[in-house]
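Heads up: the structure comes next, in structure tokens.
The values are calculated or read from the model by the stated rules, or taken from the named source; none is laboratory data. All values derive from a computational prediction rather than experimental measurement. Heads up, the Cβs are rebuilt from the backbone with ideal geometry, glycines too, and the neighbour counts pull from every protein chain shown. Side chains are part of the model used for accessible areas, which takes the heavy atoms of the whole protein and leaves out ligands, DNA and RNA. Shrake-Rupley method; radii C 1.70, N 1.55, O 1.52, S 1.80 Å.
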Amino acid sequence: MNVHIGTSGWSYPSGKGKWNGLFYPATRSKRAGTAGFDELRFYAEHFDTVEVNSTFYGQPREEIAKGWVARTPAHFVFSLKLYQKFTHPKMFKEAALKSAAGSEGTFLDLLAQVTQSDIDDFRAGIEPIASAGKLGALLAQFPPSFKSSPASRNYLASLLRLFSDYPVAVELRHSSWSDAFSDTLEILNGFGAAWTQIDEPKFRFSIRQNALPNVTGFYYMRLHGRNAAQWWRHEKSEDRYNYLYSGDELKEFGETAKAAKALVKKAYLYTNNHFSAKSVVNAVMLKAQLGESIEGEYPLALVETYPEIRGLVTVQPGMSTLR
């Protein structure tokens, strides 16, 4: 299998766009002697990969990673976001300020600098996944404010050098990177890093991409949805991902993936429009368009809510409580 299709994250237990009652049971009653419903195990019955969001908000922990490995089949792979300190220093400082109110700016600036300890901690945290052969790729996701410049290009090269023994996909969002196309390619290709192909609402400064793989090692695509109205202005951050791709909209990505998989050793496609399990629905639709096997049984509630997958999936009726 050289094509892996899944969602960005598997656990969305709260908010208007939660997955409980759609992809997962609405209630989680525990039987005596059982640990209760396991979201990851259930997810892995349906998809062979997932993109992990939690490693962005906190350093990965070895004991947690061991649990993920144990709860998924041998063929399952994880792609992991790099910790925010590596790609979003401003966000890291804002989070640090909330937990350490009154800290001085100079202290926070020093705290946000990447140290060898940060690198070692991240490596140690993901080691159980890597040693089990379940690591797909690391995702270095940069914000739109990360613009191409001599300093940022040097930083990107340094980061790729630090993690050069792993497959790394780089998500760049500002148009300055595609404006300096040859310079960007030179950095990425020099480290065998995949230029992440993204779909999201387009703005004046949005990056321009040709959807083609830039390296033969692997291909990496992320679909964020096209909810332009709520992308920057929203009540909750989950609102920006409230978008369901139509079958026609997905065709361009399906056709691109078909072409890419003939050119690369591995291809990873992740749907990030997670609001109300819409990413699950679109991942299923993509699998169908690519002729990939659709595994597992799906709750009736999900199919009734999204008739787009009726006829594509096997329905498990009445899944409202723990089996």
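Could you say whether any residue in the stretch 4-23 is outside any loop (DSSP other than H, G, I, E, B), of a type in the set (Phe, Trp, Tyr) and at pLDDT 95 or above?
First, pick out the residues of the stretch 4-23 that are outside any loop (DSSP other than H, G, I, E, B): 4-8, 20.
Imposing the further condition that a residue be of a type in the set (Phe, Trp, Tyr) reduces the set to none.
Within the stretch 4-23, none of the residues are outside any loop (DSSP other than H, G, I, E, B), of a type in the set (Phe, Trp, Tyr) and at pLDDT 95 or above.
Considering every residue within the stretch 226-236, establish whether at least one is in a loop (DSSP other than H, G, I, E, B), at pLDDT 95 or above and surrounded by fewer than 24 Cβ atoms within 10 Å (Cβ to Cβ).
Within the stretch 226-236, the first condition is being in a loop (DSSP other than H, G, I, E, B), and the residues that meet it are 226-227, 231-236.
Narrowing further to those that are at pLDDT 95 or above: 226-227.
Narrowing further to those that are surrounded by fewer than 24 Cβ atoms within 10 Å (Cβ to Cβ): 226-227.
Yes, because at least one residue in the stretch 226-236 is in a loop (DSSP other than H, G, I, E, B), at pLDDT 95 or above and surrounded by fewer than 24 Cβ atoms within 10 Å (Cβ to Cβ).
Tell me, which helices (runs of 4 or more DSSP H) lie completely within the stretch 145-209 with 2 or more residues that are open to solvent by less than 60 Å² (accessible area, probe 1.4 Å) and not hydroxyl-bearing (Ser, Thr, Tyr)?
On the way: elements: 150-162, 175-179, 181-190.
Hits in the stretch 145-209: 150-162, 181-190.
Are there any pairs with C-beta distances below 7 angstrom linking a residue in the stretch 178-189 that is within 14 Å of residue 208 (Cβ to Cβ) to a residue that is assigned to a helix (DSSP H, G or I), with the two at least 6 apart or on different chains, and if so which?
Sorted first by the residue in the stretch 178-189, then by its partner, the pairs are 184/177.
For the stretch 244-267, does any single residue satisfy the condition of being in contact with a helix residue (DSSP H, G or I) (Cβ under 9 Å, 6 or more places away or on another chain), touching a residue at least 40 places away in the same chain (Cβ under 8 Å), outside any loop (DSSP other than H, G, I, E, B) and among the hydroxyl-bearing types (Ser, Thr, Tyr)?
no
Of all residues in the stretch 39-87, which are open to solvent by 10 Å² or more (accessible area, probe 1.4 Å), of a type in the set (A, V, I, L, M) and part of a strand (DSSP E or B)?
77
Check whether at least one residue in the stretch 273-281 is open to solvent by less than 60 Å² (accessible area, probe 1.4 Å), modelled with pLDDT of 95 or more, among the hydrophobic types (A, V, I, L, M, F, W, C) and touching a Leu at 6+ places or on another chain (Cβ under 6 Å), and report yes or no. Explain how you work it out, then say what you get.
Step one: filter the stretch 273-281 for residues open to solvent by less than 60 Å² (accessible area, probe 1.4 Å), giving 273-281.
Now narrow it down to the ones that are modelled with pLDDT of 95 or more: 273-281.
This time we only want the ones that are among the hydrophobic types (A, V, I, L, M, F, W, C), so: 275, 277, 280-281.
After this cut, where a residue has to be touching a Leu at 6+ places or on another chain (Cβ under 6 Å) as well, the list is 277.
Yes, the stretch 273-281 has at least one match.
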